[in-house]
1. Please go through the range B:62-81 and pick out each residue that is buried (at least 17 other Cβ atoms within 10 Å of the Cβ) and within 13 Å of chain A (Cβ to nearest Cβ).
2. With the condition kept exactly as written, say whether any residue in the range B:355-369 is open to solvent by 50 Å² or more (accessible area, probe 1.4 Å), closer than 25 Å to A:V166 by Cα and not in a helix (DSSP H, G or I).
3. Which of the numbered conditions does B:G341 fail, given that it passes all the others? Conditions: (1) over 27 Å from B:P77 (Cβ atoms); (2) within 16 Å of ligand 4 (Cβ to nearest atom).
4. Looking at this structure, is B:G347 surrounded by 22 or more Cβ atoms within 10 Å (Cβ to Cβ) and away from ligand 4 (no atom under 16 Å from the Cβ)?
5. Got a number for residues in the range A:52-83 being at pLDDT 95 or above and more than 20 Å from A:L120 (Cα to Cα)?
6. For the range B:216-315, give me every one of the helices (runs of 4 or more DSSP H) that falls completely inside it and has 1 or more residues that are within 16 Å of ligand 4 (Cβ to nearest atom).
7. Might you check whether a residue that is under 30 Å from B:I36 (Cβ atoms) and more than 14 Å from chain A (Cβ to nearest Cβ) occurs anywhere in the range B:347-354?
8. Within the range B:252-278, which residues are in contact with an Asp or Glu (Cβ under 9 Å, 6 or more places away or on another chain) and more than 7 Å from chain A (Cβ to nearest Cβ)?
Amino acid sequence: MTRRRPRLAVWKFTSCDGCQLSLLDCEDELLTLDRHIDIAYFMEATSRAEPGPYDLSLVEGSISTPEQLEQIVRIRDQSRVVVAIGACATSGGLQALRNFADIDEMTRVVYASPAHIQTLSCSTPISQHIAVDFELQGCPISKTQLLEVLGAFLRGERPVLPTYSVCVECKLQGVLCLSVSQGRTCLGPITQAGCGALCPRYDRGCFGCYGPKELSQPRALGEFVKAQHKVSDRDWVRWLRSYQAGASEFAKESERHEKDR
Amino acid sequence: MSRIWRAELNDLDRLIAQLGREGFEVIGPRVEGQAISYGPIQRVADLPVGWTEEQSAGHYRLRRRNDQSVFGFTVGPQGWRRYLQLPKESLFSADRNHRGQWQVQETPTLAPKRALLGVRSCEWQAIKIQDRVFERPGSVDQPYQRRRESLFAIGVDCVTSAPTCFCTSLGGGPKVGEGVDLALTEVVNSHQHFFLIRAGTPQGEGLLTKLNLGVADAIQIKEGERRIEHTRTQVAGHWKVDVKRLREDLLANWNHRYWEELGNKCLACANCTLVCPTCFCSNTVEEVSLEGDRVERFRQWDSCFTADHGYLHGGQVRPDVKSRYRQWLTHKLATWQDQFGEVGCTGCGRCVVWCPVGIDLRQAVEALAQPEGEL
Ligand code: SF4
Ligand code: SF4
Ligand code: SF4
Ligand code: SF4
């Protein structure tokens, strides 16, 4: 019995391509994947583009231009399942730093002829514009987690991925807590697991690239590190404003400091 | 009372070597990066000679001592639990053959012969608490039991304490309790450095015989006792609590306003439960191949602070941080008593020290025992 292979499309919005690359990076699994999925649209891999409808759309990147506002709606219309992949698609990405600044001033500083630039004042996640079936966090996403998403899709199941903190990954592996043992800033306790505690394993505090975990409480962590580790308000805001600046929990906490000032 | 022997530093080396000859992998404390953690030990020099630590809520720093004590510290980031209840353990795997039939293979249990060197009173008590959880008549956890049977435990009495230690308020410490194979008391002063050593099991007795040690004299024994008593007084000052009242106070104050405050402070990061030597929760996770023709089932540490733990039959029973913190605290101190007839806490202080925002369980309990109006 041969079944029609589900059709996959991979889309790019405002992003660095790193998350799409994670799919190409699945070298050992690509052939197996090809047996079960028909890659119908994937510009980074092939210029052969087949029209929709698609069974699964992986969407990378944030919405940051007026055309993208329309394009994302078209994609939703043509796709049975939409999965947002990576920090850009799930929280606006690094480029969401613009959300905290004056966009006109920024374009004037950066571009020689700002008049040619058509952009939105905010960089926003896909879920702000269309219904998204699943969000895969991370900057970039983990290849193993992506395979779990694809495998679950093929098996008709919901992906099973952790929503707990990076700390759990440290503890499972016996990685020493940098914050308690050295007073170093680490966003691990408010960040979602998935990276395998990559940074703490290499003696660096987590900077939150996997985004807020379930029930993330940046405010509580902020109060502690400011009082006990003498982190300044300005530095705390910088910690929160990197790869996941636009994630609502992180943004709310960083904005609280600006309001206070 | 069984006899107390006297051992010198080099006798401790002989003890380690003898355990090695008898096929034990010796695990003990070592300075590893910025903390004293447990790992394989070959000789006394591998132990944290001359080191100690400074501990308080959310704070741990490695420090030099001004003597050459081998065990002049208390407890580090993680206990022995990871050697008995493995953080992640494969249970079985299943493969589907070309005819669509599943073949199931049980994963062999890892249970190497291990000797734990330097088990503190609070930690030994924790191992016994976990024994009652995992070796409960009628629901024995086989892998745990196998590992437990392969264990040789060498306790160390505490002759120093951290401000976060409160073992004495929960019926333990600072002297290691019954049932350890061997127990050491370290005596160090300006002119001497030796260990008092006693056996608690026939196996420990047997090992001591092979070492041919001399018997300790009354003065030496007194030196050891004096240090333990001094530590006991110290620790007793760190917290006093009536276990029975504790249960009543916590359960009677289920809707106390202070839970709200704890819910705002706590990160639900799960560190406290994962460093706790008695917590036993696990989750089963499956790793499925892309094509769904191979699956491996693992058991992995879990915590009541994760979403999965409270997800039952399609709904979340603990949807906020407050309810998760409440689950943790009341289980440890109150409902554990109903479940196992004892408290689930031994006062090791790890949950206090390794909480990244320094939440102190003792303070939480005290606040919850206050009438709401007086907070
Ligand atoms: S530790 Fe944090 S910053 Fe580092 S990879 Fe993981 S989530 Fe990203
Ligand atoms: S609850 Fe805290 S003090 Fe008690 S045994 Fe667990 S980690 Fe130690
Ligand atoms: S306190 Fe939480 S993690 Fe620990 S044993 Fe109880 S329910 Fe499990
Ligand atoms: S009490 Fe502390 S260690 Fe435990 S979950 Fe809350 S913040 Fe984390």
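1. Within the range B:62-81, B:L62, B:G76, B:P77, B:Q78, B:G79, B:W80, B:R81 meet the criteria.
2. no
3. So the condition that B:G341 fails would be (2).
4. So B:G347 fits the description; yes.
5. 14
6. The helices (runs of 4 or more DSSP H) meeting that bar are B:243-252, B:258-265, B:271-275.
7. Yes - at least one qualifying residue is present in the range B:347-354.
8. Those that are in contact with an Asp or Glu (Cβ under 9 Å, 6 or more places away or on another chain) and more than 7 Å from chain A (Cβ to nearest Cβ): B:N253, B:H256, B:R257, B:Y258, B:G263, B:T273, B:P277.
The values are calculated or read from the model by the stated rules, or taken from the named source; none is laboratory data. Only a predicted model underlies this, so the values are computations on that prediction, with no experimental measurement involved. Heads up, the Cβs are rebuilt from the backbone with ideal geometry, glycines too, and the neighbour counts pull from every protein chain shown. Calculation scope for accessible area: heavy atoms of the full protein, side chains included, ligands and nucleic acids excluded. Shrake-Rupley method; radii C 1.70, N 1.55, O 1.52, S 1.80 Å.
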